[in-house]
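The values are calculated or read from the model by the stated rules, or taken from the named source; none is laboratory data. Computed from a predicted structure; not experimentally measured. We place every Cβ from the backbone using ideal geometry, glycine too, and count neighbours over all the protein chains shown. To get the accessible areas, we keep the full protein, side chains included, count just its heavy atoms, and leave off ligands, DNA and RNA. Shrake-Rupley method; radii C 1.70, N 1.55, O 1.52, S 1.80 Å.
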Amino acid sequence: MFKKFKEENSEHTTYIYESKNKMGWKPPVFNSAESELLLKHIERYIGKPSYAYHEIFSDTVHIDIYHIEPSEERNYHTFVTMGMSSMPMNVPKGQEEWKFSELMICLPADWKVSDKELKDNRNYWPLGLLKMLARFPHEYGTWLSWGHTMPNGEPPQHYADNTKFCGIILLPPILVNEEFIKLKVNRNKTINFFAVIPLYKEEIDYKLEHGYNSFIEKYAEFDMDELIRLNRKNFGLEH
């Protein structure tokens with residue numbers, strides 16, 4: 001289950017995710033034509049995926065993760081979901097432009113990503129986070145968009161024993177061509193791409209206390225982007 005609350009003086013939402021609350025299996029929605037369009041979009045603006053983590057068993061939506069290896073231009077791993085946008089999210093009235101989304105995350109070039117290494121949660125947790133977040137709005141009849149935050153439980157728990165990250169915020173990616181951020185499928189459907197940014201507890205608290213605009217000012221001040229750095233500075237401690 002989860003708790004949702006609107007942040008004071010803010011248009012942004014925080015979700016407290018506690019545990020999955022399955023409401024019965026639903027056959028996943030799948031559109032092969034849109035999947036092909038998404039894949040071409042990823043190839044055009046990020047690179048050709050070298051590997052796809054396909055779900056064997058899916059509930060409600062079929063979520064795959066595509067892996068683009070480091071290159072000279074983008075010297076880090078990029079992982080992009082495919083399937084979150086196969087169904088519209090339950091957005092509030094007036095927010096219809098955010099009905100469809102996919103997520104991405106970037107990991108340093110030396111991150112351990114072999115099949116064997118990903119069996120270790122210290123390496124796997126960013127991918128597990130992508131899958132959970134991509135399915136979350138469809139399981140709970142809600143939505144995710146830019147500025148939304150989600151602590152990892154209450155109180156927030158570290159994602160793994162090698163990091164103190166314990167929550168996320170969704171933001172438009174900045175390490176990409178601006179044209180990547182939106183994919184117009186047809187006149188009724190545009191897919192938005194959001195970066196998953198892991199946060200420390202103090203950063204989550206800072207956003208809740210000071211609001212989104214102050215948070216973004218700090219984010220820019222610390223020259224942050226969507227590339228995960230396990231030991232980066234905690235700007236929540238710098239105020």
Which numbered condition Phe136 fails, given (1) in contact with a Cys (Cβ under 7 Å, 6 or more places away or on another chain); (2) over 20 Å from Ile68 (Cα atoms): (1)
The stretch 185-204 residues that are more than 30 Å from Lys40 (Cα to Cα), paired with ones that are open to solvent by 10 Å² or more (accessible area, probe 1.4 Å) (beta carbon under 6 Å, 6 or more apart): Tyr200/Lys164; Tyr200/Asn234; Lys201/Pro156; Glu202/Asn234; Glu202/Leu237
Considering residues of the stretch 204-239 that are among the acidic types (Asp, Glu) and over 17 Å from the mean Cα position of the chain (by Cα) only, the residue nearest to Met150 (Cα to Cα): Asp205
Flag for Lys116 being on the phi < 0 side of the Ramachandran plot and surrounded by 13 or more Cβ atoms within 10 Å (Cβ to Cβ): no
Of residues in the stretch 25-41 being in a loop (DSSP other than H, G, I, E, B) and modelled with pLDDT under 60, the one nearest to Asn186 (Cα to Cα): Phe30
Hey, Ile197 of a type in the set (A, V, I, L, M) and buried (at least 21 other Cβ atoms within 10 Å of the Cβ) or not: yes
Segments classed as strands (runs of 3 or more DSSP E), wholly inside the stretch 156-239, with at least 1 members that are in contact with a strand residue (DSSP E or B) (Cβ under 8 Å, 6 or more places away or on another chain) and among the polar types (S, T, N, Q): 189-199
Count of residues meeting criterion [touching a Lys or Arg at 6+ places or on another chain (Cβ under 9 Å) and open to solvent by 30 Å² or more (accessible area, probe 1.4 Å)] in the stretch 40-68: 1
Any hit, the stretch 66-77, residues being aliphatic (A, V, I, L, M), in contact (Cβ under 8 Å) with a residue 12 or more places away in the chain and in a loop (DSSP other than H, G, I, E, B): no
Hey, Glu202 over 26 Å from His77 (Cα atoms), modelled with pLDDT of 95 or more and out of contact with any Ser or Thr (no Cβ under 6 Å at 6 or more places or on another chain) or not: yes
Single residue of the stretch 200-239 satisfying the filter (among the hydrophobic types (A, V, I, L, M, F, W, C) and farther than 24 Å from Asn177 by Cα) that is most open to solvent (accessible area, probe 1.4 Å): Leu237
Failed condition for Pro126, given (1) part of a strand (DSSP E or B); (2) farther than 15 Å from Gly236 by Cβ; (3) open to solvent by less than 10 Å² (accessible area, probe 1.4 Å): (1)
